[in-house]
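A.B. asks: Structure incoming, see below.
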Amino acid sequence: MTPADMVLTPRGLRFGGQVYPCTIGKGGLSHNKREGDGATPVGIHHVVGMLYRPDRIAAPAPWATPIGPRDLWSDASGQPDYNHHVRAPYAHSHEALRRADPLYDLVIVLDWNWPDAVAGAGSAIFMHRWRRPGFPTEGCVALRPDHLARVAARISIGTRLIVPS
């Protein structure tokens, strides 16, 4: 581990000398992540992108990409663009990145099952805002909005998220 690593612990996300309360997937931690299981995958994941809603927040980092109305994430297992950022119109199963709620106003994209996605191995494992303390995600790691912004300002492409078993 390096000081720049983010590490999921029983107390929260350890990063930069701080421990930030966070939530994980409703399916707990998994060594065998599958699409739709609600689990957070165990392993070493790398930051590969950052997305944000420019109509709601300022760019959290110079390398962040704005989310527009047509931005989606494919969860269509078996499609060539499974677990990738896609744009509407998109005929296959997907998740909208531009949401009415604030959960995806800031999204840190991790390399789980990316770029060469294995069908059924899970998609859209992000770090994003939590709904409220203790409310689980569908497999992502979620933080309080101010903590997420603090982390986003201090990471870069390649920063590791370590999820131990």
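The values are calculated or read from the model by the stated rules, or taken from the named source; none is laboratory data. Every value quoted in this text rests on a predicted model; they were computed, and no experiment measured them. Here the Cβ positions follow ideal geometry from the backbone for every residue, glycine too, while neighbour counts run over all protein chains shown. Protein only, heavy atoms only, side chains kept; ligands, DNA and RNA dropped before computing areas. Shrake-Rupley method; radii C 1.70, N 1.55, O 1.52, S 1.80 Å.
A.B. asks: Considering only residues of segment 1-30 that are touching a Gly at 6+ places or on another chain (Cβ under 6 Å), assigned to a strand (DSSP E or B) and of a type outside the set (Gly, Ala, Ser), which is least open to solvent (accessible area, probe 1.4 Å)? Write out each step before concluding.
C.D. replies: To start, the set of residues in segment 1-30 that are touching a Gly at 6+ places or on another chain (Cβ under 6 Å) comprises 19-22, 25-27.
Imposing the further condition that a residue be assigned to a strand (DSSP E or B) reduces the set to 19-20, 22, 25.
Narrowing the set further to residues that are of a type outside the set (Gly, Ala, Ser) leaves 19-20, 22.
Numbers: Val19: 53, Tyr20: 4, Cys22: 33 Å².
Here the residue is Tyr20.
A.B. asks: Do you know which residues across segment 31-80 are hydroxyl-bearing (Ser, Thr, Tyr) and either under 14 Å from Val109 (Cβ atoms) or free of Cβ contacts under 8 Å to residues at least 60 places away in the same chain (or both)?
C.D. replies: Correct list: Tyr52, Thr65, Ser74, Ser77.
A.B. asks: Would you be able to say whether some residue in segment 81-92 is surrounded by 14 or more Cβ atoms within 10 Å (Cβ to Cβ) and free of Cβ contacts under 8 Å to residues at least 12 places away in the same chain? Reasoning before the result, please.
C.D. replies: First, the residues of segment 81-92 that are surrounded by 14 or more Cβ atoms within 10 Å (Cβ to Cβ): 81-86, 90, 92.
Cutting the leftovers down to free of Cβ contacts under 8 Å to residues at least 12 places away in the same chain gives us 81.
Yes, there is a match, as at least one residue in segment 81-92 is surrounded by 14 or more Cβ atoms within 10 Å (Cβ to Cβ) and free of Cβ contacts under 8 Å to residues at least 12 places away in the same chain.
A.B. asks: Is it the case, given these coordinates, that Ala153 is of a type outside the set (Phe, Trp, Tyr) and either within 14 Å of the chain's Cα centre (by Cα) or open to solvent by less than 60 Å² (accessible area, probe 1.4 Å) (or both)?
C.D. replies: Numbers: of a type outside the set (Phe, Trp, Tyr): yes; either within 14 Å of the chain's Cα centre (by Cα) or open to solvent by less than 60 Å² (accessible area, probe 1.4 Å) (or both): no.
Against the criterion (of a type outside the set (Phe, Trp, Tyr) and either within 14 Å of the chain's Cα centre (by Cα) or open to solvent by less than 60 Å² (accessible area, probe 1.4 Å) (or both)), Ala153 does not qualify.
A.B. asks: Taking segment 93-108 only, how many residues are open to solvent by less than 10 Å² (accessible area, probe 1.4 Å) and free of Cβ contacts under 8 Å to residues at least 24 places away in the same chain?
C.D. replies: Of the residues in that region, 0 qualify.
A.B. asks: Would you mind stating whether Arg132 is charged (D, E, K, R), without any contact (Cβ under 8 Å) to a residue 60 or more places away in the chain, within 18 Å of Gly25 (Cα to Cα) and out of contact with any Asp or Glu (no Cβ under 7 Å at 6 or more places or on another chain)?
C.D. replies: Yes, satisfied.
A.B. asks: If you check Leu103 against the conditions, is it in a loop (DSSP other than H, G, I, E, B), within 15 Å of Ala142 (Cβ to Cβ) and aliphatic (A, V, I, L, M)?
C.D. replies: Yes: the conditions hold for Leu103.
A.B. asks: May I ask you to list the residues in segment 62-79 that are surrounded by fewer than 15 Cβ atoms within 10 Å (Cβ to Cβ) and modelled with pLDDT of 95 or more?
C.D. replies: Going through segment 62-79, the residues surrounded by fewer than 15 Cβ atoms within 10 Å (Cβ to Cβ) turn out to be 62-63, 66, 68-70, 78.
Residues satisfying the conditions are Pro62, Trp63, Pro66, Gly68, Pro69, Arg70.
A.B. asks: Restricting to segment 87-129, what's the tally of residues that are of a type in the set (A, V, I, L, M, F, W, C), over 16 Å from the mean Cα position of the chain (by Cα) and within 20 Å of Tyr52 (Cβ to Cβ)?
C.D. replies: 2
A.B. asks: Tell me, which residue of segment 109-150 that is charged (D, E, K, R) and in a loop (DSSP other than H, G, I, E, B) is least open to solvent (accessible area, probe 1.4 Å)?
C.D. replies: Asp111
A.B. asks: Looking only at segment 31-56, filter to residues that are assigned to a loop (DSSP other than H, G, I, E, B) and hydrophobic (A, V, I, L, M, F, W, C); which one of those is surrounded by the most Cβ atoms within 10 Å (Cβ to Cβ)?
C.D. replies: The qualifying residue surrounded by the most Cβ atoms within 10 Å (Cβ to Cβ) is Ala39.
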